[in-house]
Structure formats: C-alpha cells, structure tokens
Amino acid sequence: MRYEQSARATYRIRRDDPLSASAVSEWTIRLTRGEDGDAEIVTRTELRATAADFIMDSRIEARANGETVAERSWHRTTPRTSV
C-alpha cells in the first residue's frame, strides 16, 4: 500500500485593511493499493471575517478510483461578540 499527502496553507491580507485577512487550508490524502485501486480525500477550508462575523467555508470530497463517491460543503458564520 502506498500513502501520499500534500498540504498547502495560504494567508492573505491587504495593507491597512485587517478585514481583508483570509486563511485557506487545502489537503489531499491518497492511498493506493497497486491494481486494486485507490482512495483519495480532498479538503479545503477558508476562514475570513467581517466587522460583525467570523466566516468559515469548508468542502470535503472522497474519491474511489478517481470517481467522487461522497462530498459535503458547509458554511458557518459566528458572531464576533468578544473581539
């Protein structure tokens, strides 16, 4: 069995605009078992904020032999109550 993973984190902000800040995390994990096929998980999460809220957008996708077998996306907003 072969295991592979890759990850990338990206952070951005514009000068003099703290509300432009964002963080993106992307991961791919893959398991391969010779000619028996492979399985792969791909995720992406982005965090950012407005003056009133923290915002998170996430997505996960599961693939078997290159075909998507499950996926989910979600969006969460959390009020900035103590910041």
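Numbers below:
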| item | result |
| --- | --- |
| Accessible area, probe 1.4 Å, largest first, for residues GLU67, GLU26, GLU61 | GLU67, GLU26, GLU61 |
| Listed peptides 41-54, 8-21 by packing density, highest first (mean Cβ within 10 Å) | 41-54, 8-21 |
| Vicinal HN-Hα couplings computed from phi for the range 65-74 (Karplus, 6.51 cos²θ - 1.76 cosθ + 1.60; Hz; Gly/Pro x) | 6, x, 9, 5, 10, 7, 7, 8, 10, 8 |
| Convex hull volume per residue in cubic angstrom - Cα atoms of the chain | 96 |
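The values are calculated or read from the model by the stated rules, or taken from the named source; none is laboratory data. What you are looking at is a predicted structure, and each value in this text was computed from that prediction instead of being measured. Neighbour counts are summed over all protein chains in view; Cβ atoms, including those assigned to glycine, are modelled from backbone coordinates with ideal geometry. Remember, those area values only see protein heavy atoms, side chains included, never the ligands or the DNA or RNA. Shrake-Rupley method; radii C 1.70, N 1.55, O 1.52, S 1.80 Å.
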